[in-house]
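Provided herewith is a single structure, encoded as structure tokens, for subsequent inquiry.
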Amino acid sequence: MPTLTMAPTLGDLLKYELNGNYSRETVTLKSGTDYALGSVLGKITASGKYRLSPAAQIVGDEGAETAVAILIEAVDATAADKTALVIARGPAIVSKAALVFDASVDQASEKDTKHAQLSAAGIVPRDAA
């Protein structure tokens, strides 16, 4: 019998949101990446675009090293900038297991830093919700 695999859904990521009209924003994602649902994003100061939040500052993408939002839909922006819907502020609770980090965020301490940055925006990552 074949094994079926289901892609992650918004219900896997978002466990609580008080008011979607308040907490969600439409943003522009920087091109060059196929963004997954649950991507942890930072905002580039100079352009106002969002990208995966790296562990440390990247020249040209200053500001993005601070996690400020979570992508709530999968978006393929490999060829061009795309608009997308994000959770930009809380109160909201998200599943830690459903978060997708930049490849540079590979240590537990770096993930803890991203969790703290999201919590500062009212987006609380939890192990179980």
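What follows draws every value from the coordinates through simple rules; no lab data is involved. Because the structure is a prediction, the values reported are computed rather than measured. All Cβ positions, glycine included, derive from the backbone under ideal geometry; neighbour counts span all protein chains shown.
Could you order peptides 3-10, 85-92 by the average number of other Cβ atoms within 10 Å of their residues, highest first? Don't skip to the end; give the middle numbers.
Details: 3-10: 8.2, 85-92: 19.2.
Peptide ranking by packing, descending: 85-92, 3-10.
What order, most packed first, do the peptides 122-128, 94-100 have when packing is the mean number of other Cβ atoms within 10 Å of each residue? Could you put the intermediate results ahead of the total?
Values: 122-128: 15.7, 94-100: 18.6.
For the peptides 122-128, 94-100, the packing ranking is 94-100, 122-128.
Do you know the relative contact order of segment 14-126, to the nearest whole percent, from alpha carbon pairs under 8 angstrom that are 6+ apart? Each step should come with its number before you reach the end.
On the way: 267 pairs, mean separation 36.4, N = 113.
Averaging sequence separation for qualifying contacts and normalising by length gives 32 percent for segment 14-126.
Shifting gears a bit: Can you give the calculated 222 nm mean residue ellipticity of the chain, where each DSSP H run of n ≥ 4 adds -39,500 (n - 2.57) and the sum is split over every residue, rounded to the nearest 500 deg cm²/dmol? Don't jump to the answer; show the numbers that get you there.
Details: 3 runs with 21 residues, N = 129.
After summing the helix terms and dividing by residue count, I get -4000 deg cm²/dmol.
Dividing the alpha-carbon radius of gyration of segment 14-126 by 2.2 N^0.38 Å (N being the number of residues), what value is obtained?
On the way: Rg = 12.7 Å, N = 113, 2.2 N^0.38 = 13.3 Å.
Expressed relative to 2.2 N^0.38 Å, the Cα Rg reads 0.96.
Which three numbers, in whole Å and largest first, are the semi-axes of the equivalent ellipsoid of segment 1-80 derived from its Cα gyration tensor as √(5λ)?
Working: eigenvalues 124, 61, 25 Å².
Equivalent-ellipsoid dimensions as semi-axes: 25, 17, 11 Å.
A55: net charge of surrounding residues, Cβ under 9 Å, Lys/Arg +1, Asp/Glu -1, itself excluded? Numbers along the way, then the final one.
On the way: positive: K114; negative: E65, D102, D106, E110.
Taking every other residue near A55 into account, the sum is -3.
Which value, in debye to the nearest 20, gives the size of the charge dipole of segment 14-126 about its Cα centre, when Lys and Arg are +1 and Asp and Glu are -1 at the Cβ? Don't jump to the answer; show the numbers that get you there.
Numbers: 12 positive and 13 negative charges, 70 e Å.
Once rounded to the nearest 20, the dipole reads 340 debye.
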